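Notes follow the structure.
The values are calculated or read from the model by the stated rules, or taken from the named source; none is laboratory data. Predicted model only: the values in this text are computed from it and were never measured. Here the Cβ positions follow ideal geometry from the backbone for every residue, glycine too, while neighbour counts run over all protein chains shown.
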Amino acid sequence: MDAVQILGQQIKLPFSGKVVPNRFLKSAMTERLCTWDPNNREECGKPTESYINAYKRWGEGQIGVIMLGNIPVHRDYLEAAGNAVIDKNNPWDAVAAFKPVVDVVKAHGSLCIGQLTHAGRQAPDSVCQQPVSASDTKTPDGVMGLNFKPARAMTEDEIWDAIDRWAFGAEVLYKAGADGAQLHAAHGYLLSQFFSPLVNKRTDQWGGSFENRSRIIFEVVKAIRKRVPDESFIVSIKINSHDFIDGGFSQEECASMVERLEAARVDLIELSGGTYESLAFEHKKESTKRREGFFIEFADRIRPHVKKSVLAVTGGFRNAEPMAEAIKQDTCQIVGLARPLCSEPDLPKKILERESKGALDNAVESSLQTPAAVIQIHAMAENRPIPDISKEDVARDVTDMIGGKTAVPHPEGAKYPPM
Ligand SMILES: Cc1cc2nc3c(=O)[nH]c(=O)nc-3n(C[C@H](O)[C@H](O)[C@H](O)COP(=O)(O)O)c2cc1C
């Protein structure tokens, strides 16, 4: 089989029985396209036409699994202004609001999974004056131009409330027709704050041993199963292979974690890495460059611990050959893509139809590529031509927008602070 044939193979998820039509996954990406009014939190986070439009483009791209990303389950702890939100206390009908986006994602056969999150201490001060976390800690200021207020430790009641919110979010996705829910437990957000011995200093049943630090994840999975008893609903998770901080979540803990996730019937495990304090969306080692995936060597070591769950690895993949090679070598079964799908939302289609061998280059400086991708998502959402950041002059213009010289416009009128 050649690379295209490998990437075009379908794969069945072991517990839900759902079939992913090929080996591409669009990883969750914050879109910042939903309603936003800092003075009226209840009305924030509603899907807009622009949000649906962006997913219509991805839905046409022959992407096996499309993650809606990142959907906070609590309106007070957003990752950014304009996030989609599913909050059990919001007065509007979330099922009706999210159904149109699920429909456009699934229109051509992709599976649709919604990534449910809670920013915890990584809720920036532009959207949150009193963040919460496992313990009283603070995300260092200045990361990606963001500042953070010190977080307050969550009470036991707040932890159970958060668990219930994830279950509510999953139920909304299920009723809106989505194929599954993904827990965002990577990149230093609340669930990964609980795992991290550096952030979690609790001495109750939610802190201390690894089992205690990871308890919240398994309670969330249990609560989702209870609220959505249909076995065909996919439960997925995105976790770090490594936090890349001394004393953070380690590879050994990740290996033990995936075994326990499989035992909890988690269908699809997506591996990533890094946190706001130690960004990892670039190569840390020369040896991973040839294989493209940033976390591929970690995945090699974690793969033997996963027997049934399907493993995806996200970060760094750009060309069909290394993507197919990762599958052929059985490092992973699915490849996750994020930034390349902002330049070319139909890259998988082009690869599967043998019109392309890989992604366009990205000429934006590595630390600015995430906000550049948001600008591209907004162009997609508005049916404007997507800025071709493989061209040096376009990359320079986009970099100027990000530099705060221009506020990032919201297609439907709201103004966001500079990224
Ligand atoms: C614009 C943008 C937004 C992102 N938002 C999220 C998110 O909401 N949830 C998440 O798990 N990862 C998020 N990520 C990380 C990506 O899903 C992915 O893990 C990372 O970009 C590495 O993949 P890539 O090299 O293919 O871009 C985001 C990345 C980008 C570029």
Looking across region 373-382 at residues that are aliphatic (A, V, I, L, M) and more than 8 Å from the ligand (Cβ to nearest atom), the single one that is surrounded by the fewest Cβ atoms within 10 Å (Cβ to Cβ) is 379
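I'd like to know if region 273-289 contains one or more residues that are more than 16 Å from the ligand (Cβ to nearest atom) and either assigned to a helix (DSSP H, G or I) or at pLDDT 95 or above (or both).
yes
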The one condition residue 385 fails out of (1) surrounded by fewer than 17 Cβ atoms within 10 Å (Cβ to Cβ); (2) touching a residue at least 24 places away in the same chain (Cβ under 8 Å); (3) over 19 Å from the mean Cα position of the chain (by Cα) is (2)
Checked 366, 356 against criteria (of a type in the set (Ser, Thr, Tyr), over 19 Å from residue 55 (Cβ atoms) and away from the ligand (no atom under 12 Å from the Cβ)); the one match is 356
Filtering region 104-138 down to residues that are charged (D, E, K, R) and closer than 25 Å to residue 221 by Cα yields 106, 121
message: Please determine whether any residue of region 124-135 is more than 16 Å from the ligand (Cβ to nearest atom), in contact (Cβ under 8 Å) with a residue 12 or more places away in the chain and touching a strand residue (DSSP E or B) at 6+ places or on another chain (Cβ under 6 Å).
response: yes
- prompt: In region 6-21, is there at least one residue being of a type in the set (Val, Ile, Thr), closer than 26 Å to residue 187 by Cα, within 14 Å of the ligand (Cβ to nearest atom) and out of contact with any Cys (no Cβ under 9 Å at 6 or more places or on another chain)?
  reply: no
Taking region 190-202 and the residues there that are at pLDDT 95 or above and within 13 Å of the ligand (Cβ to nearest atom), the one that is surrounded by the most Cβ atoms within 10 Å (Cβ to Cβ) would be 190
Note to self: I'd like to know if region 309-322 contains one or more residues that are out of contact with any Lys or Arg (no Cβ under 6 Å at 6 or more places or on another chain), surrounded by fewer than 19 Cβ atoms within 10 Å (Cβ to Cβ), free of Cβ contacts under 8 Å to residues at least 40 places away in the same chain and not small (Gly, Ala, Ser).
What the structure shows: no
Residue 208: assigned to a loop (DSSP other than H, G, I, E, B), free of Cβ contacts under 8 Å to residues at least 60 places away in the same chain and of a type in the set (Gly, Ala, Ser), yes or no? yes
Check whether at least one residue in region 208-226 is within 14 Å of residue 120 (Cβ to Cβ) and in contact with a Ser or Thr (Cβ under 8 Å, 6 or more places away or on another chain), and report yes or no. yes
Residue 110 meets each of (1) over 23 Å from residue 224 (Cα atoms); (2) more than 13 Å from the ligand (Cβ to nearest atom); (3) buried (at least 24 other Cβ atoms within 10 Å of the Cβ); (4) of a type in the set (S, T, N, Q) with one exception, condition (1)
